[in-house]
Structure formats: structure tokens, C-alpha cells
Amino acid sequence: MVLSELGGRINTALRQLTDAPVIDEKVLEAVLRDICAALLASDVNVKLVQNLRANIKSVVNIRELAAGINKKRLVQKAVMDELCRLVDPGVEAWRPKKGKQNVIMFVGLQGSGKTTTCTKLAAHYHRKGWKTALVCADTFRAGAFDQLKQNATKAKIPYYGSYSESDPVQLAAEGVAKFKQERFEIIIVDTSGRHKQEAELFDEMKQISTAVQPDNVIFVMDGTIGQAADPQARAFKETVDIGSIVITKMDGHAKGGGAISAVAATQSPIIFIGTGEHIHDLERFAPRPFISKMLGMGDLGGLMETMQDLKLDQNKNLIKNLEAGVFTLRDMHDQLQTIQKMGPLGKVMGMMPGIPQELIAGTEQEGTRRFKSMMTIMDSMTDKELDSDGKMFEQERTRIQRVARGAGAPPYEVEALLAQHKQFAQMVKKMGGPKGFMKGK
């Protein structure tokens, strides 16, 4: 994840609160200085950082705090709240309405990943049971229609485009009209990438918007753009009514903070973040879970939605165990195998509380290797051990040594897996049973 380094630096700053014998103004200043330096180094807009610092200081007035107040917890809460405010404009995100034909128009800079994101969003809604379609109105970039056509075919999404028609406004209007006539519920229009200096392309974007009358305009922002995010986002906002933001390329090692500044510039909510090139690499965005995940605390809501998509409620053995209040190592083994079907493992593992950031870090190949190591450890267990809740390993420590030898792994990796199973079990139990999350609403 792009912002994992930022999360690590903020965690290091907050650790000063634990190390300090007394939390006074000097300690608070040191914590704020390190947090602000981390944000600026990640390309977050300087004005936003100044506001964050001022807001935390106004909430945490060390001199005026009453005796007995937990200062550490107060500072941590204030930091968490302000970080959430950075990515939350306080505006409710647009949602498509069932029984209505919803038109979504994509805009953004060249190379920001619009075409790929169009297909990802179409596939996301398709999995949720919506009748979705794609329209290619990008006549500026060579190969744009071929790319959308290939992606749409792979995702089994109907599409509309033309090799001969050069007028993007005409193409967009025809495509939307066609799919409206065929009663499609979600129609996504892909447009050309453009820069704020390109006046003609901006005028074209306004004409397409007038022609198709979109219910939502999504601004696609490259997560690696840096300080250029603010002026570019403002230019787009002044031309079309941006309703939502999707931040892409959040799987790399770039700073990523610049894209967050787009929220303040457009006052539009982030609705999804792109975390890779796979069709499933689109995560629904929510401010608090996002910041929680950035700080290495996991994202239970995201994990639950992922598991609902996997239809884990159809696993009768798992449901039976959950209803009995049991989540065995075999259940974890089976579900991790299922999670592999969702594409890149780092995305799903990053949602799990208790899995350290260093396990998720690195290339996708490295993440896959580590994941396979976990599976090998469980494959080295006996049936009796797999069908247990893991407590027998605490009672008989020699089992850990035996499993480690069988898996060719150090004992501490076996212990780490058992600890993760315990945390995973507590969360998954909440999802099972007749009233659990896995049954939906």
C-alpha cells in the first residue's frame, strides 16, 4: 500500500507518548512535529498539514486538561480524527439507485488509469447484481477502444465504441442512448485523459457532460501525482461537477499524499481506491477504516465485504462450526485458500488485524511466497491439530517444534500464525450464524 510508510512514521511519532514518563507540551510538540514532517514528506498539501496541527493543538490543550485525564488516549484520538478529516470532506458519497438508469462519467489526467478503473467499477457493480455497461468516448488516445474492449470482454461486460467515429460527444450520446433503451442500470462512460492546460479537451469534456447528463462524475486521480494534485483537481472541478474521486496506483511505493489533497480541492468524497491491475483490485473507501489500515490496525469492514463477495456463507461446515462458537485452524486454511481467488493477496491480508505491515510489504511475488509459507505450516499439522482451535499448541509446545520442522520454517513463524488465527477467529465468529454479517442485511 502506498501510504504504509507514512503510517509507519506516524506510529513511530505516537510511540513517543508511550515512552515518555510524563506527557507535557514538549512531548506533544515533538509528536506533532514528527507527524507533520511525515505528512509533508508524503506530499500532503502544506496548508492541510498546518490546519491538522492547529486543530490537534486546540483539542489537546495540555495546560488546561483536568487531572486524571488519559492524555495519551486523548492525543491518539485527536490525531486519528484529524487524519480522517484529511480524507473526508463531510459530503455523502453518491450511490446508484435500483430501478433507475444511472450514468457515470469518468474524467482525469492522461495515464491515471481511467479505462482500467472503468472496467473494475463495472465488474464491481456486476458482482453486486447490477446490469452494467461500458461506453468508450476516448477518441484521443490510440488504442483506447481496444483496451476497453479487451477489458470488458474479459469481465463479461457489454460495451459500446467505434473505430470510425471521431466525435467523442456523438459516441458518448449514442452509447448512453443505446444502453438506456436496453434498460441497463449502470452505464459508465470513459473519456479522454486531459491536462488543465489543454483548453480544447476541457471544453470537449464539458460538451460530453452536457450530452449524457451524468448522475455522477468520477475524477480519477493517480496516487503518485504528488504536489500537482491540488491545481489539477481544482481545474477539473471548475469545469465539471465532480461528485466522487477514485485514487489509483495505491499498490506502489510512491508517497501518495498528494492525491489525498484532491479531496480538499474538490470537496468530493473518495469512493474507491485502486490497488493493482487485477479486476478485483478496487477497494471501497471509508475514511476511518482507511486510516486504521494505514496505521496497521486492519480493516474489518473491508474484509467482511470481501468475504461476502466470496459467498463464505455457503460453506456449511464453517457455518456449523461458527454457530457452535468454534473457528478451527482447518477453517482458516480453507478460507485462506478461498481468499486466493480474489487476486493479489496483499490487499486481503492488509485488511486482517494482527498481520504486520512487513508481511504485506514487498512485491506481489514476495507476498505470495509468504502466504504459501503460512499454508505450508498448516499443511504440516495433523488432522487433530487442524480440527482444533489451536489451544493444544499452547498446552504442548513440542507440537510447534514438530510443525516447524515439517514445514521447513522457524518456530516463531508457527507461533505468529497461531496468534493470527486467534485474532482472525474472533473477527470471523462475528460474521457467522443466522444473524451474522455473512447473511447480509
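The values are calculated or read from the model by the stated rules, or taken from the named source; none is laboratory data. Computed from a prediction, not measured in an experiment: that's the story for all the values here. Please note: Cβ atoms are built from the backbone with ideal geometry, for glycine as well, and neighbour counts cover all protein chains shown.
Descriptive notes on the structure:
- Selection within the stretch 376-400 - of a type in the set (A, V, I, L, M) and either farther than 16 Å from P411 by Cα or at pLDDT below 90 (or both): L386
- Matching option when the condition is in the same structural domain as G257 (by TED's automatic domain parsing), within 25 Å of the chain's Cα centre (by Cα), charged (D, E, K, R) and within 25 Å of V263 (Cα to Cα), among D203, D230: D230
- Residues being charged (D, E, K, R) and more than 22 Å from I279 (Cα to Cα) - total across the stretch 142-166: 1
- Residue in the stretch 83-106 that is farthest from L6 (Cα to Cα), counting only those that are crowded, with 20+ Cβ neighbours inside 10 Å and within 20 Å of the chain's Cα centre (by Cα): F106
- The stretch 17-31 - residue that is charged (D, E, K, R) and in a helix (DSSP H, G or I) and, of those, farthest from S58 (Cα to Cα): D19
- The set of residues in the stretch 29-67 being among the charged types (D, E, K, R) and either in contact with a strand residue (DSSP E or B) (Cβ under 7 Å, 6 or more places away or on another chain) or within 12 Å of E82 (Cβ to Cβ) (or both) consists of R53, K57.
- Test: V22 is surrounded by fewer than 19 Cβ atoms within 10 Å (Cβ to Cβ), of a type in the set (A, V, I, L, M) and not assigned by TED's automatic domain parsing to the domain that holds S192: yes
- Candidate set: the stretch 242-262, residues that are closer than 28 Å to V169 by Cα and touching a helix residue (DSSP H, G or I) at 6+ places or on another chain (Cβ under 8 Å); chosen: the one surrounded by the fewest Cβ atoms within 10 Å (Cβ to Cβ): I242
- If you go through the stretch 88-138 and keep only what is within 20 Å of F219 (Cβ to Cβ) and free of Cβ contacts under 8 Å to residues at least 24 places away in the same chain, you end up with G90, R95.
- Of S261, S268, all but one fail to be outside any helix (DSSP H, G or I), among the polar types (S, T, N, Q), in the same structural domain as M221 (by TED's automatic domain parsing) and at pLDDT 70 or above; the exception is S268.
- Taking the stretch 32-67 as the range and being part of a loop (DSSP other than H, G, I, E, B), of a type in the set (G, A, S) and surrounded by 14 or more Cβ atoms within 10 Å (Cβ to Cβ) as the test, only S42 passes.
- Residue that is surrounded by the fewest Cβ atoms within 10 Å (Cβ to Cβ), among those in the stretch 107-124 that are out of contact with any strand residue (DSSP E or B) (no Cβ under 6 Å at 6 or more places or on another chain) and of a type in the set (V, I, T): T116
- Hey, D34 in contact (Cβ under 8 Å) with a residue 12 or more places away in the chain and on the phi > 0 side of the Ramachandran plot or not: no
- Considering the conditions (1) within 30 Å of F202 (Cβ to Cβ); (2) in a helix (DSSP H, G or I), A78 is excluded by exactly one of them, (1).
- Selection from the stretch 183-210 of residues that are touching a helix residue (DSSP H, G or I) at 6+ places or on another chain (Cβ under 7 Å), modelled with pLDDT of 90 or more and surrounded by fewer than 20 Cβ atoms within 10 Å (Cβ to Cβ): K206, Q207
- For the criterion of being of a type outside the set (F, W, Y), crowded, with 24+ Cβ neighbours inside 10 Å, assigned by TED's automatic domain parsing to the domain that holds I247 and closer than 22 Å to K98 by Cβ, L148 fails.
- Qualifying residue in the stretch 125-135 (condition: surrounded by fewer than 21 Cβ atoms within 10 Å (Cβ to Cβ), touching a strand residue (DSSP E or B) at 6+ places or on another chain (Cβ under 6 Å) and under 28 Å from T239 (Cα atoms)): yes
- Residue match in the stretch 50-69 (condition: more than 29 Å from L148 (Cβ to Cβ) and touching a residue at least 40 places away in the same chain (Cβ under 8 Å)): no
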